[in-house]
Amino acid sequence: MAGRMLARRLMSGVPRKSEDAAATPAVPAKVEYMDYKKIATTVFTPLELGTVGLSEEDAIAEHGADSVDSYISSFTPLEMSLLHLEGNPCLAKVVVNTDTNTVLGMHIAAPNAGEIIQGFGVAIKKGITYDELTTVVGIHPTVAEELVTLSISKKSGVDANKSGC
């Protein structure tokens, strides 16, 4: 994507400083730059890690601790519960700017995290709010549903471990 954006900038027809200014188009091309903060990324380990947007630490550094909270969950997906695994091996987190209600980042460690986070990447780029996210009807029982049903705030101190589906 960064390469395509660079090629568009270089080949847009906008003359370089050394070229004739008369060749400048009447309406300059829209200049687009890569937004590296909102790239969906996945680590393909046995339990995938998917992430898009700011980490909680980066959000606090950028917006201040008083303006950031995270909604979290520790859970066992249905397909893993059939294996009778102990504990909740999966995690989901949504980082929110509490002043604007904007979702700053989404993170999930679970099966198919890459497929899940790719779809949420668009929502983050468009500036989705926490309220908009939680009004999405989740597909039950899927792992992605966990991200749209998060309701336990980290600052609340409530235990975020789930049991059952």
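List of remarks:
- Couplings 3J(HN,Hα) of the stretch 47-54, computed from phi: 10, 5, 10, x, 8, 8, x, 7 Hz, in residue order, whole Hz [Karplus 6.51 cos²θ - 1.76 cosθ + 1.60, θ = phi - 60°; x for Gly and Pro].
- Packing-based ranking, highest mean first, of 92-100, 34-42 given that Cβ atoms within 10 Å are counted: 92-100, 34-42
- Cα-based shape type of the chain, given that a ≥ b ≥ c are square roots of the gyration tensor eigenvalues and the cut on a/c is 1.5: prolate
- Label-to-label distance, nm, for residues given as ASN161 and LEU6 (7 Å Cα→Cβ offset): 4.8
- Accessible area of the stretch 50-165 divided out per residue, in Å², using a probe of 1.4 angstrom: 52
- Cα gyration tensor shape of the stretch 66-123, rounded if a/c is under 1.5, else prolate or oblate by comparing a/b with b/c: oblate
- Extended-chain gain in nm, criterion 0.36 nm per residue less alpha-carbon gap, TYR36 and SER81: 12.6 nm
- Just checking the listed ones, THR102, THR135, THR76: in the Gaussian network model of the chain with Cα springs under 10 Å, the one fluctuating most is THR135.
- Non-local Lys pairs in the chain, i.e. 8 or more apart or on different chains, that have alpha carbons under 25 Å apart: 22
- Cβ-derived FRET efficiency at R0 30 Å, ASN112 paired with GLU62, nearest 0.05: 0.55
- Shown for the chain are the DSSP H helices of 15 Å or more along their axis, judged by Cα atoms, with a mean Kyte-Doolittle hydropathy of at least 0.5: 113-125.
- Heavy-atom accessible surface of the chain: percent carbon and sulfur, 1.4 Å: 58
The values are calculated or read from the model by the stated rules, or taken from the named source; none is laboratory data. Note that the coordinates shown come from a computational prediction; the quantities given were computed from them, not determined experimentally. Glycine gets a Cβ as well: all are built from the backbone with ideal geometry, and neighbour counts include every protein chain shown. Accessible surface is based on the protein model in full, side chains and every heavy atom, while ligands, DNA and RNA are left aside. Shrake-Rupley method; radii C 1.70, N 1.55, O 1.52, S 1.80 Å.
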